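Working notes for the structure below.
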Amino acid sequence: MYETNYHRASSVADAVRLKGASEESKYVSGGMTLIPTMKQRLAAPTDLVDLRHVAEMKGITVSGGSVRIGAATTHAEVAQSSDIKAACPALAHLASLIGDPHVRHMGTIGGSIANNDPAADYPSAMLALGATIVTDRREIAADDFFTGLFETALADDEIVVAVTFRPPERAGYCKFPNPASRYAMTGVFVTRGADGVRVGVTGAGADGVFRHAAMEAALAGNFSPQALAGVTTDPSDLLSDIHGSAEYRANLVAVMARRAVAAA
Amino acid sequence: MGVEGIGARVARKEDKRFLTGKGRYTDDMVVPGMKYAAFVRSPHAHAKIRGIDSSAAEGMPGVIGVLNGQQMLDDGIGNLICGWMIHSKDGSPMKMGAWRPLAHETVRYVGDAVAVVVADSVGEARDAAEAVVVDYEELPAVTDAATALRGGQPQLHPEAGGNLIYDWAIGTAEAETDAAIAAAAHVTEMTIVNNRLAPNPMEPRAALGIYDVGEDHYTCYTTSQNPHVARLVMSAFYNVAPENKLRVIAPDVGGGFGSKIFIYPEEIVCLWASRRTGVPVKWTSDRTEAFLTDAHGRDHLSTVKMAFDGDNRITALKVDTIANFGAYMSLFSSAVPTYLYATLLSGQYAIPAIHANVRAVYTNTAPVDAYRGAGRPEATYLLERTIETAARELGVSPAELRRKNFIRSFPHQTPVIMNYDAGDYEASLEAAMKEADWAGFGARKAQAEGRGMKRGIGMSCYIEACGIAPSAAVGSLGAGVGLWESAEVRVNAVGTIEVLTGSHSHGQGHETTFAQLVADRFGVPIDSVSIVHGDTDKVQMGMGTYGSRSGAVGMSAIVKALDKVEAKAKKIAAHLMEADESDIVIENGEAKVAGTDKTVPWFQVALSAYTAHNLPAGMEPGLKEGAFYDPSNFTFPAGCYICEVEIDPETGKTEIVQFVAADDFGNIINPMIVEGQVHGGIAQGIGQALLEGVHYDPQTGQLLTASYMDYAMPRADDLPSFKVSHQNTPCPNNPLGIKGCGEAGAIGSPPALMNAITDAIGNNDLTMPATPQKVWAAAHAAQ
Ligand SMILES: Cc1cc2nc3c(=O)[nH]c(=O)nc-3n(C[C@H](O)[C@H](O)[C@H](O)COP(=O)(O)OP(=O)(O)OC[C@H]3O[C@@H](n4cnc5c(N)ncnc54)[C@H](O)[C@@H]3O)c2cc1C
């Protein structure tokens, strides 16, 4: 790791100010992505601004038919939250599948979606839940937030403060883990709610997480695994690597979607 | 056996310090003035070095020195060598290309060391290493051994035309074998790939080189399985220092699996750099460096023909193997696909004609050498996949086909050198089938089908050779060293005992097992016995631990030394009690005169030896004896493994629903430790079959599996609870009747698992690792 300076932000505004004080600075939350990258000398921020102790970014609240998860909330907190288990058990289930206990107790939902790893679990849920990403300066619809591999709509110094969504009537998540990393080789999050059916697919897309229009259409009239029979995914839009070819991932998208619907 | 003697399940003495974080590993060593090394490594798989500019690095904070390969050459440091001479069929010696500890002309794999920076801190050393500018002229690379043999491919070493190191054969004459195959009623032919593995010990490699200018003496702390061999090789071949000026210490070592047998550039460089810079120099590998530079294992491509007569008896076996050696010949590399592989190709079967041909090949990849099992897993995988396939082709049960061909009388001379001394293959087969409820499999399969799952069962009957090895025999086969072992038993004046062993423990539990041997002999508590190993200044010359040799060879040496101590102790006791020496028995911590109530406590015997006030006439004082033990044969552990799997046809995911191991390890000193070895071995074998595999980009030679994000290691939840049992036939060739257990699990398990998966999906065309993607594709192709 290269030398770096550590700053602990006390508020969102403080964080933005601290970040702005140096050019090569970065926010750090759980550090579960950033720190290993730094240790491998693939990232070299001169300054780290820690967001984990900012009160307004912490905690889970359910009110007025809306769920709000602070960006600094850890995966373990989401997995164990009785509020989340009541409002959207599939999301608690998703959080419980991320990494291992160490990772779940450090990694945060804000860090995960800001990082937008194409194999991360949360982005699929954000798309399928039609979530809103609340930043220090605006609200961004999940559909507009994830813009490509490790790319988001965030400005360089913009902070994810929270995510909000309306609990779906039904939701399910099914993940096929990569045998090595146990990130999602393919993960599918399905929901049915006031806005209809939404299907978010992670791990498989060549451009990162995506919504599966054909599946949404098929499920709109009949929210059952059988409705997905015959719905295919074009392998040319999918990732191919040493762990799984695009054809294999296309198959996994179908299988995980069926199982997610069955679980919803 | 007593509660602490031979056969007792004694909890491991060493675990207290390991489990409480009090182990002392090389990286824990701190000496005054110590500095840190970072290596500049090649980012290219193949390139000429046009120049190295270290001027910027030299000026960076904390930097003490930046050293390169030309300086090393100027200082007379020699090439790394392979210590086992193999001759090709045409009589020519193997073609060994030069391996410089720091490359100064050509780099041949990604990770090849080019220069070293010594600095005040690890961070500063790494910062400066990045600032060393190496001017490379990139060359085309080849990573696949079969490709490297073809014409027009990149050439790695001028010494080895066509990248061929040797073209070697063993066994029955080829023509005779061909004739037997031509006359056969049935021939099973297969192409067998044994995937390349990264060893992944929990503790990465490390070295601390300390040059003492006052004494003109070097000390090297390093992660070695065989510190004496390290000293011998570093002194005799690399000219680091004469042996009496070089102390090698391998303290606690966190696993090796073979990868820490070999001498690598880094320890040599740390010693040399310490002298060059005047400061002690420490280097500790990180995980990606380990993936890049630890010697890999396996990587064979073979074709096999197994011929049967009308009665389903094997009449001939013909094997052609291409072994990928990587960019350089590592210390034991040449022996692995020859004398540790082809000599085991008879398996548990009586095969009248066996011909094997092995070509060893250079490629632009990390060096390949012994990895848990070393050659025997490759032989077992090839044979056991083939005989299983033959059973399917012949329409007979896999157990019946094996039974029909089992060797049943001993000793048995195979056509490939080995002379099996003892075994009962049927016993293990029966035990395994019973434990696995083989007969009930059909019902379980039907039940699984009802749940949409494909269930399969597979077996593997392995044999391996341990206790390497009779020195004269291996010498005649090309080994550069003898493979005996040494021991010294020191009884202290108050009766406590130190055993100095040339074996090295890096997870095997020697501090417990070896102490049990002593406790058993004299009836003293194991806490009064200490095992000393891993330091060339403390322990007499020894050969180290690999090939499951610590029991069969290392403990046999201890037995010999104990015999001498016991004989002298009896003389002293007889003298003290005025009895006849032949009437003395030593047990329960005292010497007794048989049939009387006369006793002398053990400590009194020891004390008498050292006060020397009242010893038999002419006897030297002291109670300390040494011994060297050279085995008279290999030992032949064998067994039967059965694996049952369930496959999700929609995803290709394999779940291992049961795994049964029935082993013959000869006599067992500590069953708990033996079971632990079997568990670990099976986990590694399952890792190979299901998860692990080193991938290089075939064009660029970049390592694609350089971290755990991409290299899949077995985790606890990938594995079932293993059912382990023993059907032991004592080894007739060593005093304890031990065969060895350290590698069996890794040897026997991969074919059992692959036979089960291919059985489940009804498609035999599947290579390791059987990843979900491959299993899914194979299952679909079968439909
Ligand atoms: C062993 C291991 C296994 C894992 N397995 C999985 C898995 O199965 N599934 C999965 O989805 N993930 C997995 N992860 C990733 C883990 O979930 C991380 O926690 C997550 O990707 C990043 O969250 P973090 O809080 O650690 O972010 P950090 O590492 O601190 O930051 C990541 C990036 O996001 C930026 N950032 C952080 N917080 C904010 C914010 N609030 N606003 C704006 N930018 C921000 C940082 O500047 C940085 O660029 C794994 C990680 C490890 C180490």
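The values are calculated or read from the model by the stated rules, or taken from the named source; none is laboratory data. Note that this is a predicted model, so its numbers are computed, not measured. Here the Cβ is made from the backbone with ideal geometry for all residues, glycine too, and neighbour counts use every protein chain on show. Please note that ligands, DNA and RNA were not included when accessible areas were found on the heavy atoms of the full protein model with its side chains. Shrake-Rupley method; radii C 1.70, N 1.55, O 1.52, S 1.80 Å.
What the table shows:
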quantity	calculated
Members of segment A:39-71 that are surrounded by fewer than 13 Cβ atoms within 10 Å (Cβ to Cβ) and of a type in the set (Gly, Ala, Ser)	A:Ala55, A:Ser63, A:Gly64, A:Gly65
Filter pass, A:Pro123 being more than 9 Å from the ligand (Cβ to nearest atom) and either assigned to a loop (DSSP other than H, G, I, E, B) or crowded, with 24+ Cβ neighbours inside 10 Å (or both)	no
Residue count for segment A:141-184, restricted to those that are closer than 27 Å to A:Val255 by Cβ, near the ligand (Cβ under 9 Å from one of its atoms) and in a strand (DSSP E or B)	3
Of all residues in segment A:207-245 being more than 22 Å from B:Leu704 (Cα to Cα) and within 14 Å of chain B (Cβ to nearest Cβ), the one that is surrounded by the most Cβ atoms within 10 Å (Cβ to Cβ)	A:Leu228
Qualifying residue in segment A:6-29 (condition: aliphatic (A, V, I, L, M), more than 14 Å from chain B (Cβ to nearest Cβ) and within 30 Å of A:Gly193 (Cβ to Cβ))	yes
Residue within segment B:716-726 that is touching a strand residue (DSSP E or B) at 6+ places or on another chain (Cβ under 8 Å), small (Gly, Ala, Ser) and within 12 Å of another protein chain (Cβ to nearest Cβ) present	no
Condition check for B:Lys739: of a type in the set (D, E, K, R) and within 14 Å of another protein chain (Cβ to nearest Cβ)	no
Filtered residue count, segment A:179-201, keeping only those that are within 13 Å of another protein chain (Cβ to nearest Cβ) and open to solvent by 10 Å² or more (accessible area, probe 1.4 Å)	4
Selection status of B:Leu690, outside the structural domain of B:His46 (by TED's automatic domain parsing), out of contact with any Pro (no Cβ under 9 Å at 6 or more places or on another chain) and over 22 Å from B:Pro637 (Cα atoms)	no
Pair list, Cβ < 8 Å and 6+ apart or interchain, from segment A:52-67 residues that are among the charged types (D, E, K, R) to residues that are assigned to a helix (DSSP H, G or I) and within 14 Å of the ligand (Cβ to nearest atom)	A:Glu56/A:Val12
Hey, B:Lys22 in contact with an Asp or Glu (Cβ under 8 Å, 6 or more places away or on another chain), open to solvent by 50 Å² or more (accessible area, probe 1.4 Å) and within 20 Å of B:Asp252 (Cα to Cα) or not	no
Those residues of segment B:537-548 which are touching an Asp or Glu at 6+ places or on another chain (Cβ under 7 Å) and under 22 Å from B:Asp664 (Cα atoms), in sequence order	B:Ser548
Residue within segment B:315-329 that is closer than 26 Å to B:Ile468 by Cα, modelled with pLDDT of 95 or more and in contact with a Cys (Cβ under 7 Å, 6 or more places away or on another chain) present	yes
Any hit, segment B:113-124, residues being closer than 30 Å to B:Thr338 by Cα, modelled with pLDDT of 95 or more and more than 14 Å from every other protein chain (Cβ to nearest Cβ)	yes
Inter-residue pairs, beta-carbon under 6 Å, first within 14 Å of chain B (Cβ to nearest Cβ) and within 21 Å of A:Gly130 (Cβ to Cβ) and in segment A:101-118, second more than 8 Å from the ligand (Cβ to nearest atom) and not in a helix (DSSP H, G or I), 6+ apart	A:Pro118/A:Leu149; A:Pro118/A:Gly208
Only listed residue being more than 21 Å from B:Asn194 (Cα to Cα) and hydroxyl-bearing (Ser, Thr, Tyr), chosen from B:Ser346, B:Ser409	B:Ser409
Condition check for B:Ala606: open to solvent by less than 50 Å² (accessible area, probe 1.4 Å), assigned by TED's automatic domain parsing to the domain that holds B:Arg521, in a loop (DSSP other than H, G, I, E, B) and touching a residue at least 12 places away in the same chain (Cβ under 8 Å)	no
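Residues are listed down the side, and each one gets a yes or a no for (1) touching a Gly at 6+ places or on another chain (Cβ under 6 Å); (2) among the β-branched types (Val, Ile, Thr); (3) modelled with pLDDT of 95 or more; (4) within 12 Å of the ligand (Cβ to nearest atom):
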position: A:Ala21; (1), (2), (3), (4): no, no, yes, no
position: A:Lys26; (1), (2), (3), (4): no, no, yes, yes
position: A:Gly31; (1), (2), (3), (4): no, no, yes, yes
position: A:Leu34; (1), (2), (3), (4): no, no, yes, yes
position: A:Arg41; (1), (2), (3), (4): no, no, no, no
position: A:Leu48; (1), (2), (3), (4): no, no, yes, yes
position: A:Leu51; (1), (2), (3), (4): no, no, yes, yes
